[in-house]
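Working notes, structure below.
Any read-out appearing in this document is the output of simple, stated calculations on the displayed coordinates, not a laboratory observation. The structure presented is a predicted model; accordingly, all values stated were derived computationally and were not measured. With ideal geometry, Cβ positions are generated from the backbone for all residues, glycine too; neighbour counts draw on all protein chains shown.
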Amino acid sequence: MKASIFLFHRVSPQRDKLWDPLSPERFDEILKYLKSKFEIYHAEKILSLTPTLSKAEGAKKPLAAIVFDDGYKDYIEYSLPLLKKHNLPSSMYVVTSSVESGSPPWTYVLDNALANTKKSKLDIDISLLPAELKNTSWKNGSDKIAFAKKFKPYLKKISDAKRRTIFEQTIRSLNDVEAPQNLMMSWNEINQIKVAGTVIGSHTVSHPLLSKIENEKEIENELSLSAEKIKEHTGDFPLTISYPIGSFDERVKKIAVKTGYKFGLAVDQKEYESVKHDLFEVPRIELYNEPLLKTKLRINGTLEKIKKVLR
Ligand SMILES: [Zn+2]
């Protein structure tokens, strides 16, 4: 059985230099296109079908699911009404510390600080940085954005402990920018979307790259404490763990099983194939704010094929 699982984050008319949300108009067009191409069910329903291939074969169109990571409040304002308009189900995977604090995941806080700081230098311990990032000052806005576009990918490559140290120093240095508030859904709002039919799952406690955590006890905490919080506030133990930034390894998969999850979702721009992928390494196709033609190529898998030919 094959299925395409499409991953979204923010849908909002707000523009963002470093991480642009999908506009509601574009999201509407994408949903219309998805509906014409696929039979769309909850990801959890599709993944439960896996052993019984025959059920999927009865479908007239290929299977797909729509999922969201992080738990941004704009899901309620923009995504959910459009999903309802097209009568489409979806799932939302929340970062429980963000639900509790109201502060977005570190990835967003970092982008926001760099995008909005008026400072011309990031004052942190440069011995923690590689040669190409040791110059932490910028001459102008575009210079700063260029720095940010190298800085964040570096933080995703290093150990989680080191990443946290650099992140904390960065936020302390860029203290002219206030942490954005009121962007994340509360437990109350999460229960509202659950009543509206959205499946709720976990996206960990603090949004780390799980494969970069050295201490397995910490991985266990990220997976189990987030699940317990979701159970406590929504009444149901989550079926799904969505790995932040798609990062997982064999340890993470094993701990996810032990914790009681049924599915583990990664990010990899290809369709899920039950003969290739186990249920704890399910690939998801992330969709971005880009020209609609490019999004359609991504949805059909054509973009990946073109890239392969060009490689
Ligand atoms: Zn995320």
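The table for this structure:
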quantity	calculated
For the chain, built as a Gaussian network whose Cα springs stay under 10 Å, the top-fluctuating residue of 223, 83, 128	128
Karplus-derived HN-Hα couplings along the stretch 144-158 (A = 6.51, B = -1.76, C = 1.60, θ = phi - 60°), whole Hz, x at Gly and Pro	5, 4, 4, 4, 4, 6, 9, 5, 5, x, 5, 4, 7, 9, 8
Fewest-first ranking of 70, 176, 249, using other Cβ atoms within 10 Å as the exposure measure	176, 249, 70
Footprinting exposure proxy for 207, 42 (fewest neighbouring C-beta atoms within 10 Å first)	42, 207
Residue of 68, 151, 280 that the Gaussian network model of the chain assigns the largest fluctuation, springs spanning Cα pairs under 10 Å	151
Vicinal HN-Hα couplings computed from phi for the stretch 200-206 (Karplus, 6.51 cos²θ - 1.76 cosθ + 1.60; Hz; Gly/Pro x)	9, x, 9, 10, 6, 7, 10
Principal axes of the stretch 148-218: Cα extent on each, largest first, Å	40, 35, 22
Highest-MSF residue in the chain out of 166, 219, 66 [GNM, Cα springs under 10 Å]	166
Rg(Cα)/(2.2 N^0.38 Å) for the chain, N = residue count	1.00
Order of 133, 292 under a 10 Å beta carbon neighbour criterion, fewest first	292, 133
Value of relative contact order over the stretch 106-173, rounded to a whole percent, pairs C-alpha under 8 Å and six or more apart	43 percent
Amide H within-cut-off set for residue 280, under 5 Å, with H built and near neighbours excluded	264
